[in-house]
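The structure appears right after this line, and notes come after that.
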Amino acid sequence: MDASTHTPGPVRDKRDPLRPLRYAYRIPLLLVHVLLGIALCGIVLTLFGGKVMHKGREPFAHRTIRWWSTGLLRIFGFRARRIGTPLNDPTLFVCNHSSWLDIELMHTQRAACFVAKAEIARWPVVGWMAARGGTIFHRRGSNHSLAAVMQVMVDRMRGGRSVAVFPEGGTSSGADLRVFHARILQAAIDAESPIQPVALRYARGGKRWLDVAFRPRESFLSNVIRLMGEPTLDAEVHFLKPVPVHPDGRKRMAEQARAQIAQALEDPA
C-alpha cells in the first residue's frame with residue numbers, strides 16, 4: 001500500500017485546555033535554545049565545522065548539531081526515534097518531505113549537508129545558521145542552479161561529508177508521496193557514494209500523524225505556533241536498505257527509494 005492511501009489529519013484543532021500551558025513554557029525554552037544555537041554556530045562550527053567522520057566516528061561539530069536538533073524537537077514535544085542503521089559518511093540520504101521540521105529530525109540522527117530552497121538563505125538568523133551548518137542552497141526552477149548544486153554535492157561527498165536531499169522537490173501534504181526526481185541522484189553516482197533512503201514519519205499512538213504538514217494557506221509562522229502547542233508526538237527516522245547504484249538507471253533508483261519509503265510510512269498492521 002502506498003503512503004497516498006492515508007488521509008490527512010483533522011483540519012481543526014480540538015479544544016485542548018493544556019495548549020496555553022505548553023506555550024507558556026515552550027516559547028521561553030525555544031528563545032533560549034535559538035540563542036544557544038547562534039552561539040554554537042558562531043563558535044563550534046567556525047572552529048570545527050570542517051572536520052569529517054573518521055573510521056565511523058562523528059566529529060565534535062556533527063555531534064553538537066545532533067544534540068541541538070534533538071533539543072529543538074523536544075521543545076516542540078517531538079521524541080526522536082531511530083529505526084535502522086545509517087551508513088557512514090559519505091552517503092547521499094534520500095528523504096520524504098512533509099514539514100520544515102524534517103531537516104532537524106534528520107539531524108537528530110546524522111549531521112548532513114541538506115539541499116534547500118535559496119529563499120531560506122535570506123531568512124533572518126535561520127538562513128545564517130543553515131549556512132553555517134553546511135546547507136546547499138538551490139534556486140528552484142533554475143537548471144543552472146541545479147547543475148551548480150549537484151557539483152557542490154559531489155565535492156562535499158568526495159570530501160567525506162554526507163548530503164541529504166528531498167527528491168519530491170518540496171513539501172507535500174504528508175498524505176501524498178510525490179514522484180521522486182531522479183536527476184539529483186546523479187551526484188551520488190559521480191561521487192561514487194552510496195544512496196540510502198530515509199523515511200521521516202510522525203506518529204501518535206503508533207498511528208501516522210499527518211497534521212505536521214502545512215495546512216492550506218498556512219504560513220510558516222502559523223505552522224510553528226500551531227505545532228508548538230501540540231501534545232507529545234513520536235518522530236521516527238527509518239534508515240532503509242541502500243539502493244544499488246545503476247549508472248544508466250537513475251529513474252529506477254529513484255523508484256526503488258520511493259517504494260521503500262512509502263512502505264516504511266505505513267501504519268503497522
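Against the condition within 23 Å of LEU221 (Cβ to Cβ) and at pLDDT 95 or above, how does ILE83 come out, does it pass? Spelling it out, it is not the case that ILE83 is within 23 Å of LEU221 (Cβ to Cβ) and at pLDDT 95 or above.
Each residue in the range 217-240 was checked for being touching a residue at least 24 places away in the same chain (Cβ under 8 Å) and either touching a strand residue (DSSP E or B) at 6+ places or on another chain (Cβ under 8 Å) or assigned to a loop (DSSP other than H, G, I, E, B) (or both), and 12 of them qualify. The condition of being modelled with pLDDT of 95 or more, of a type outside the set (D, E, K, R) and outside any helix (DSSP H, G or I) holds for only one of LEU200, LEU177, that being LEU200. Across the range 181-196, not a single residue is classified as under 17 Å from GLU104 (Cα atoms) and either modelled with pLDDT under 95 or not basic (Lys, Arg) (or both).
Of all residue pairs spaced 6 or more apart or on separate chains, those with beta-carbon atoms under 7 Å, a first member in the range 241-263 that is within 21 Å of ILE83 (Cα to Cα) and crowded, with 16+ Cβ neighbours inside 10 Å and a second member that is of a type in the set (D, E, K, R) and modelled with pLDDT of 95 or more are GLN260/LYS241.
I'd like to know if the range 12-30 contains one or more residues that are under 30 Å from ALA187 (Cα atoms), more than 21 Å from the chain's Cα centre (by Cα) and modelled with pLDDT under 90. Scanning the range 12-30, I find no residue that is under 30 Å from ALA187 (Cα atoms), more than 21 Å from the chain's Cα centre (by Cα) and modelled with pLDDT under 90, so the answer is no. The residues in the range 145-183 that are touching a helix residue (DSSP H, G or I) at 6+ places or on another chain (Cβ under 7 Å), surrounded by 16 or more Cβ atoms within 10 Å (Cβ to Cβ) and within 27 Å of HIS62 (Cα to Cα) can be counted, and the count is 8. Residues in the range 130-144 that are over 17 Å from ALA187 (Cα atoms) and buried (at least 20 other Cβ atoms within 10 Å of the Cβ): GLY133 alone. Picking from residues in the range 90-134 that are assigned to a strand (DSSP E or B) and modelled with pLDDT of 95 or more, the one that is farthest from LEU265 (Cα to Cα) is LEU92. Applying a threshold of 8 Å to beta carbon distances and a minimum spacing of six or more residues, or different chains, the list of pairs starting in the range 44-56 at a residue that is touching a residue at least 60 places away in the same chain (Cβ under 8 Å) and ending at one that is surrounded by fewer than 14 Cβ atoms within 10 Å (Cβ to Cβ) reads VAL52/GLY159.
For LEU87, the conditions (1) in contact with a Gly (Cβ under 7 Å, 6 or more places away or on another chain); (2) farther than 25 Å from GLY170 by Cβ; (3) in contact (Cβ under 8 Å) with a residue 40 or more places away in the chain are fulfilled apart from (1).
Do you know which of the residues in the range 27-74 that are assigned to a loop (DSSP other than H, G, I, E, B) and of a type in the set (D, E, K, R) is surrounded by the most Cβ atoms within 10 Å (Cβ to Cβ)?
GLU58
For the range 243-265, check the following and say yes or no: at least one residue is assigned to a loop (DSSP other than H, G, I, E, B) and either within 20 Å of the chain's Cα centre (by Cα) or polar (S, T, N, Q) (or both). Checking the range 243-265: not a single residue is assigned to a loop (DSSP other than H, G, I, E, B) and either within 20 Å of the chain's Cα centre (by Cα) or polar (S, T, N, Q) (or both).
The values are calculated or read from the model by the stated rules, or taken from the named source; none is laboratory data. From a predicted model like this one, the values you see are computed outputs, not experimental measurements. Note: ideal-geometry Cβ built from the backbone for every residue, glycine included; neighbour counts use all protein chains shown.
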